[in-house]
Amino acid sequence: MKTFLTLLAAMTSLSAYTLVGVHATCATCPPSAGDLALATRCVDNNGITICNYEKAGITSRHCYYNNKGEFQKGSSPLCKSNVQTTTCPSLCG
């Protein structure tokens, strides 16, 4: 029983730690991609940061980065290959 309670306490502590995002690291979106301005930034369930760039009258472009700030497949050619990291933004909805 003591082992179970210890395990339960550890899991609860880790869950709270994760919810606060203390150790979560995500890519920082550059303020622009070409002549498009950053419109939104969020992170998906896999930890991929999605940067959405827009300009009036122009279709938006997306940049995808992993938690190390590395360019991911499916990104627009306008995206930087590597970016800085910071704490994670809200989940994409």
Report summary line: Expressed as a percent, the portion of alpha-carbon pairs in the range 31-92 spaced more than 15 Å apart is 45
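Given an 8 Å cut-off on Cα distances and at least 6 residues of separation, report the relative contact order of the range 31-92 as a percent.
So the answer I get is 29 percent.
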Requested in this report: Take every DSSP beta bridge with both residues inside the range 31-92 and express the antiparallel ones as a percent of the total, to the nearest 5.
Outcome: 95
Requested in this report: Check cross-link reach from Lys55 to the aspartates and glutamates: straight Cα distance under 17 Å, and skip same-chain residues fewer than eight apart.
Outcome: Asp35
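Each reported figure results from applying straightforward, stated rules to the coordinates on display, with no laboratory input. Source: prediction; values computed, not measured.
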